[in-house]
1. Give just the number: which of (1) closer than 24 Å to B:Gly49 by Cβ; (2) in contact (Cβ under 8 Å) with a residue 40 or more places away in the chain does A:Leu82 not satisfy?
2. Checking the condition within 17 Å of the chain's Cα centre (by Cα) and modelled with pLDDT of 80 or more, which residue from C:Leu42, C:Leu110, C:Leu94, C:Leu46 passes?
3. With C:Leu45, C:Leu41, C:Leu19 as the choices, which residue is assigned to a helix (DSSP H, G or I), within 23 Å of B:Ile73 (Cβ to Cβ) and without any contact (Cβ under 8 Å) to a residue 60 or more places away in the chain?
4. Hey, among B:Leu7, B:Leu88, B:Leu13, B:Leu75, which residue is facing chain A (nearest Cβ under 7 Å) and surrounded by fewer than 19 Cβ atoms within 10 Å (Cβ to Cβ)?
5. Restricting attention to segment C:45-104, report how many residues are among the β-branched types (Val, Ile, Thr), away from chain B (no Cβ under 14 Å), within 19 Å of C:Leu121 (Cβ to Cβ) and surrounded by 15 or more Cβ atoms within 10 Å (Cβ to Cβ).
6. State yes or no: is C:Asn33 at positive phi and of a type outside the set (D, E, K, R)?
7. Mind checking whether some residue in segment A:39-56 is within 16 Å of the chain's Cα centre (by Cα), among the acidic types (Asp, Glu) and at the interface with chain B (Cβ under 9 Å from one of its Cβ atoms)?
8. Report yes if some residue within segment B:36-58 is among the hydroxyl-bearing types (Ser, Thr, Tyr) and surrounded by fewer than 24 Cβ atoms within 10 Å (Cβ to Cβ); otherwise report no.
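The values are calculated or read from the model by the stated rules, or taken from the named source; none is laboratory data. Just so it is clear, the structure is predicted and the values come from calculations on it, not from any experiment. Counting neighbours? That spans all protein chains shown, and the Cβs are built from the backbone with ideal geometry, glycine included.
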Amino acid sequence: MLNIAIPIAFALLTAAQLLNLYRLLKGPTLLDRILALDTMYIDAIAMFILMGVYFRSAVYFEAALIIAVMGFIGTVATSKFLMRGDILE
Amino acid sequence: MIFVIELLVSFFLVVGAFFALAGSIGTYRLPDFFSRLHGPTKSTTLGVGGMAIASAIYFSFHGEGVSFHEVLITLFLFITAPVSAHFLAKAARHQGLHKDKPRMEKNQGFSDK
Amino acid sequence: MPEYRKSLFLKNRWLPHPLMTLVLVIIWLFLVNTITFGHLLLGTLLGIAIPWFTNRFWPERPKIAKPFLLFRFFFITFVTDVIVANITVVRLFLLPDISRLRPRFIEIPLDTQDPMVITILASVISLTPGTVSSEVSEDRQTLIVHGLDVADEKTAVQTIKTRYEAPLKEIFSC
């Protein structure tokens with residue numbers, strides 16, 4: 001069962017990452033790109049958890065947690081920068 | 001491994017991956033920024049949540065002892081996803097994206113005919 | 001004497017936030033993924049040290065008036081609503097004709113000015129059906145929310161107020 005489910009999940013997540021990549025490259029505004037990058041971070045966390053199940057190893061958990069923290073800080077920092085840049089003109 | 005456990009793990013893995021894909025389809029298809037904002041904040045949190053549940057069940061029955069640390073990732077994402085969405089929305093409102101309607105209306109006209 | 005110093009003296013000096021200590025111990029045990037006496041001790045040490053060093057960032061404790069209602073709100077209302085939210089939003093995303101969506105901003109007048117209640121309300125709104133909170137007005141009177149598919153503004157505002165704001169106000173008694 002698992003050897004069918006894991007490839008399906010990998011395929012779905014890869015398709016999701018490609019759609020995010022499209023939005024990241026095309027996105028009409030800078031905020032669209034930041035949003036796409038944020039989605040890519042979250043999908044990367046899902047991929048890492050899936051890899052942990054696939055390789056039966058718990059070390060991927062730490063990597064996923066660090067990506068979660070870094071992604072959040074990156075998104076908040078970039079959007080805060082855009083906000084303040086606009087206020088200060 | 002017991003068949004029921006394996007079935008449960010497979011189910012949560014595929015459901016999680018499906019919700020992650022659906023969130024990305026949202027960011028890909030929707031016409032304006034504020035609608036796109038709905039994709040990652042919702043579907044992706046449940047997507048990663050499903051993955052984390054699958055992983056917790058898998059390692060609880062596979063490794064030594066109960067595994068619960070995947071819950072931390074879900075908890076963290078449930079706390080931070082609304083915050084980053086709020087920041088992005090606030091930045092977009094400051095840039096005046098909510099007044100920017102023409103793209104939306106052009107798309108509507110296009111799909112109506 | 002500055003305001004925050006005064007509030008420091010009013011509280012228990014060594015255990016300023018007992019609830020936060022408990023949460024930190026539980027998070028530490030989750031993080032190391034084992035329950036042993038050594039880790040319980042280390043977690044307790046961290047749970048006492050971290051609130052003590054970061055004390056001046058949170059001058060006051062949250063007042064939870066009804067802990068039972070808090071559990072019911074988060075584990076029944078919130079969890080079911082998140083799952084319903086995801087299924088609803090996914091159905092909207094996969095519509096063949098997305099121009100049928102009616103995205104718009106709605107303004108929700110707030111009944112409380114407590115910053116923490118507003119924060120929790122905004123987060124809960126962002127995680128539930130088709131709505132993302134996008135701005136709080138300067139005077140904390142209105143919350144601006146973006147809805148993905150809003151049929152009627154009045155009913156949407158009414159739903160949010162009765163389903164989320166009223167229980168939260170009751171839980172934190174303000």
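1. Looking at each condition in turn, A:Leu82 falls short on (1).
2. Just a single option satisfies the conditions, and that option is C:Leu110.
3. Of C:Leu45, C:Leu41, C:Leu19, the one residue that is assigned to a helix (DSSP H, G or I), within 23 Å of B:Ile73 (Cβ to Cβ) and without any contact (Cβ under 8 Å) to a residue 60 or more places away in the chain is C:Leu19.
4. None of the other options fit; the residue is B:Leu7.
5. Of segment C:45-104, the ones among the β-branched types (Val, Ile, Thr) are C:48, C:50, C:54, C:64, C:76-77, C:79-80, C:82-84, C:87-90, C:98.
Still in the running and away from chain B (no Cβ under 14 Å): C:48, C:50, C:54, C:64, C:76-77.
Filter once more, so that each one left must be within 19 Å of C:Leu121 (Cβ to Cβ): C:64, C:76-77.
With surrounded by 15 or more Cβ atoms within 10 Å (Cβ to Cβ) added as a condition, the list becomes C:77.
Adding up the residues that qualify gives 1.
6. yes
7. yes
8. no
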